[in-house]
Amino acid sequence: MNFDEVLDRIGGFGRFQKTLYVWICLPQIFLAFHMLVSVFTGAVPPHLCRSAWPAGDSGGTGLGFNFSIAPGESCTSFQDGPLSQLNHSLPITEHSSTSNGCTGGWEFSKEVFLSTVVTEWDLVCENATLNNIGSSIYMFGLLVGAVLFGALADKYGRRIIILIGLAAQAIFGVGVAFAPNFYIYVLLRFVVGMTISAVIMNAFVLGTEWTGPKKRMLAGVITDYFFGFGYILLAGVAYLIRDWRKLQLAISAPGFLFLFYIWVLPKSARWLMANKKHEEALDLIHKAALINGKPLVDDDIEVCQSSKISEKLQDLRKYTVIDLVRTPRMRKQSLILFYLWFVNVLVYYGLSLNISDFGMNIYLTQMIFGLVEMPARTITLFTLNRSRRISQLAFLAVGGLACLLTIFIPDGR
């Protein structure tokens, strides 16, 4: 008897698994917060150089510039010509930096954001690349976390890594809100990125390892719904909280509530069996069976014995990442999947993290992007069971065509 047969006997998606998915899905909301919050905390509001203002006009109110129309990336400091030659009734629309730079500091519009990391540390013009580098370092944290915590979870178990990830995410997430400078901010965001991978990967694995084959796909998609809900909810939270430090604190501090997971989050019985901890695995299986209303009888003690037998029939050799490219067939399949993941992530986050460039209300755009996730998840429930290859091809074709058609959208300016 293999473990999937054990799950069928005790209930592949009973009350035990449904409760487990409640615990798995709740953090997904906050994972979406951390993944996408830089849309707001790293936004670049319209800005002007203070050194361009006439003497006595320290607030710049006499110039009549329209911040709401001025682009977010204007490096004009007005040191190339007399102010009297400027038409103060027109907004700044040219991107031009002077050889002297902006010596008086920058004044940012507060019409949409009270503060962002850009306004706090003047990440515009010659410093604009720092903002992009910070985002890249955060993404690199996701990569490091995936490699590191994936291996640690295989060695020490899914549950402990999820708990460590949630705790570190709350601690370092709150730390981001109090970062004294940009470099500490980037470092803390890097660690948060690592914790995202620790939680999102191992929560998914823990759930699927407890779910029977018939409901495994449904259970996996359920977690994505909650990520989409977090996507939508973030728009509302960011709309209400326009200061980046307070927003960062608002999405991070509730993470401490997950402390109670120490008492409710179960270990993976499949992982316990794979690591020859059969007695502990059997206790968990008994517990799950009772909660699902399918208690095991005395004859079902063979579950533990049969798991030992099945282990002998399997190749007990330890596999590594090298095995993904060891044989020609695996190499072909792996390279295809690597490319598909690269393309999907590139497009998904390329769009999601740059919604401020769409020229629409940033909060409305964020909400629309989140709403679109809901029918997209639902469609997969009806297509994946029919043909994964055809559905993958269709979705890639539709997505790629949509991206190409954006080229022909007329410029709204």
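The values are calculated or read from the model by the stated rules, or taken from the named source; none is laboratory data. Since we're looking at a predicted model, the values are computed, not measured. Cβ sites come from the backbone with ideal geometry, for glycine too, and all protein chains shown count toward neighbours. Ligands, DNA and RNA are stripped out before the accessible areas are found, and what is left, the full protein with its side chains, is counted by its heavy atoms. Shrake-Rupley method; radii C 1.70, N 1.55, O 1.52, S 1.80 Å.
Structure values in brief
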{"quantity": "Lone unmet requirement of (1) under 19 Å from the mean Cα position of the chain (by Cα); (2) surrounded by fewer than 18 Cβ atoms within 10 Å (Cβ to Cβ) for residue 2", "calculated": "(1)"}
{"quantity": "Qualifying residue in the range 290-306 (condition: surrounded by fewer than 15 Cβ atoms within 10 Å (Cβ to Cβ) and either in contact with an Asp or Glu (Cβ under 9 Å, 6 or more places away or on another chain) or at pLDDT 90 or above (or both))", "calculated": "yes"}
{"quantity": "Positions within the range 97-136 being open to solvent by less than 60 Å² (accessible area, probe 1.4 Å), within 24 Å of residue 198 (Cα to Cα) and either in contact with a Pro (Cβ under 9 Å, 6 or more places away or on another chain) or of a type outside the set (Ser, Thr, Tyr) (or both), in sequence order", "calculated": "134"}
{"quantity": "Filter result for residue 264 (closer than 30 Å to residue 39 by Cβ, surrounded by fewer than 18 Cβ atoms within 10 Å (Cβ to Cβ), of a type in the set (A, V, I, L, M, F, W, C) and within 28 Å of the chain's Cα centre (by Cα))", "calculated": "no"}
{"quantity": "Count of the range 173-185 residues which are in a helix (DSSP H, G or I), under 19 Å from residue 133 (Cα atoms) and either open to solvent by 10 Å² or more (accessible area, probe 1.4 Å) or in contact with an Asp or Glu (Cβ under 6 Å, 6 or more places away or on another chain) (or both)", "calculated": "4"}
{"quantity": "Selection count where residues are open to solvent by less than 20 Å² (accessible area, probe 1.4 Å) and closer than 28 Å to residue 245 by Cβ, scope the range 186-202", "calculated": "9"}
{"quantity": "Members of the range 9-20 found to be open to solvent by less than 40 Å² (accessible area, probe 1.4 Å) and farther than 16 Å from residue 166 by Cβ, listed by number", "calculated": "10, 11, 12, 14, 16, 17"}
{"quantity": "Flag for residue 152 being modelled with pLDDT under 95, over 18 Å from the mean Cα position of the chain (by Cα) and not in a helix (DSSP H, G or I)", "calculated": "no"}
{"quantity": "Residue check, residue 395 closer than 22 Å to residue 337 by Cβ and of a type in the set (Phe, Trp, Tyr)", "calculated": "yes"}
{"quantity": "The lone exception for residue 206 - which of (1) more than 18 Å from the chain's Cα centre (by Cα); (2) hydrophobic (A, V, I, L, M, F, W, C); (3) at pLDDT 95 or above it fails", "calculated": "(3)"}
{"quantity": "Output for the range 361-386, where each listed residue is charged (D, E, K, R) and open to solvent by 50 Å² or more (accessible area, probe 1.4 Å)", "calculated": "377, 386"}
{"quantity": "Selection count where residues are surrounded by fewer than 19 Cβ atoms within 10 Å (Cβ to Cβ) and not charged (D, E, K, R), scope the range 209-221", "calculated": "5"}
{"quantity": "Residues being loosely packed, with under 11 Cβ neighbours inside 10 Å and within 23 Å of residue 152 (Cα to Cα) - total across the range 322-334", "calculated": "1"}
{"quantity": "Test: residue in the range 81-95 that is in a loop (DSSP other than H, G, I, E, B), surrounded by 17 or more Cβ atoms within 10 Å (Cβ to Cβ) and modelled with pLDDT under 90", "calculated": "yes"}
{"quantity": "From 147, 118, residue being at pLDDT 85 or above and closer than 28 Å to residue 236 by Cβ", "calculated": "118"}
{"quantity": "The range 387-397, subset assigned to a helix (DSSP H, G or I) and open to solvent by less than 100 Å² (accessible area, probe 1.4 Å), residue nearest to residue 345 (Cα to Cα)", "calculated": "396"}
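Condition check ((1) in contact (Cβ under 8 Å) with a residue 40 or more places away in the chain; (2) over 23 Å from residue 375 (Cα atoms); (3) touching an Asp or Glu at 6+ places or on another chain (Cβ under 6 Å)) across all residues:
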site	(1), (2), (3)
226	yes, no, no
248	yes, yes, no
263	no, yes, no
273	yes, yes, no
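For (1) in contact with a Gly (Cβ under 7 Å, 6 or more places away or on another chain); (2) assigned to a helix (DSSP H, G or I); (3) closer than 25 Å to residue 110 by Cβ, each residue gets a yes or a no:
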position	(1), (2), (3)
229	no, yes, no
234	no, yes, yes
255	yes, yes, no
266	no, no, no
279	no, yes, no
282	no, yes, no
286	no, yes, no
296	no, no, no
